[in-house]
Amino acid sequence: MGQPNVFTRVLAASNATAISASQSPGAGLITRVSTTVVLDAQRRVLITSGSDDSGITFTVTGTNQPGFPITETIAGGNATSVFSNLDFKTVTNVTHSGSVAGTLTVGTNSIGSSLWQITNYNCDPEAIGFVVELRSGAATFTIEYTFDDPNILPGTGGLNASGLAFPFPRSLATVTNSTATVDAAFTTPILAYRLTTNAGTGTVVFRGLQMGLGSP
């Protein structure tokens, strides 16, 4: 039974002030560029502190590419940049738990991932062959996989007490920081995979086919 999968990732250049220009909000709210900031594609949110904000957290609220609401709380940095684990398509609010020490900007870096692609783990054997095409530009990209279900993460009780906030990603060795079209395959069971742009800009196309006998 085959399950073809085709999707495209297009990421524009990073912009450290795409969501919020430089400001000194202190204990007040962070002023966004607009009421709702719509990014070019779902991607990481970058928060850059001009002073020591390591004692506070920032909460980013928005949606992912399909429009589902997502929220993430990120520990502040000490005169450095921090960025989200989740990928945001829109940002509706950025708040902080205490006074911002100095200046602050909110925007994007060069990292962005596709949605997690859930495999059919009932297939036996579970085999996924694919090609990642760098169609244009000069992007650097990685295929990541996980053994966690992105839709049902382990909680704080029951058989698994890890309490994961995000799927634990691993990089596929044959497609890590690739800069040109590459063929590869998953030959052992995984639960989900995604395409991550690590740097640069351009259009990257994933084409894959999962084979194996089993129920859909």
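Please work out if Phe141 is touching a Lys or Arg at 6+ places or on another chain (Cβ under 8 Å), crowded, with 19+ Cβ neighbours inside 10 Å and within 19 Å of Thr179 (Cα to Cα). When the stated conditions are applied, Phe141 passes them. The residue that is surrounded by the most Cβ atoms within 10 Å (Cβ to Cβ), among those in the range 25-76 that are assigned to a loop (DSSP other than H, G, I, E, B) and among the basic types (Lys, Arg), is Arg44. The strands (runs of 3 or more DSSP E) located wholly in the range 163-216 that include 3 or more residues which are among the polar types (S, T, N, Q) occupy 192-199.
Where a number appears in this text, it was derived from the coordinates with a stated rule and is not lab data. Since this is a predicted model, take the numbers as computed values, not measurements. Using ideal geometry, Cβ is built from the backbone for each residue, glycine included, and neighbour counts are taken over all protein chains shown.
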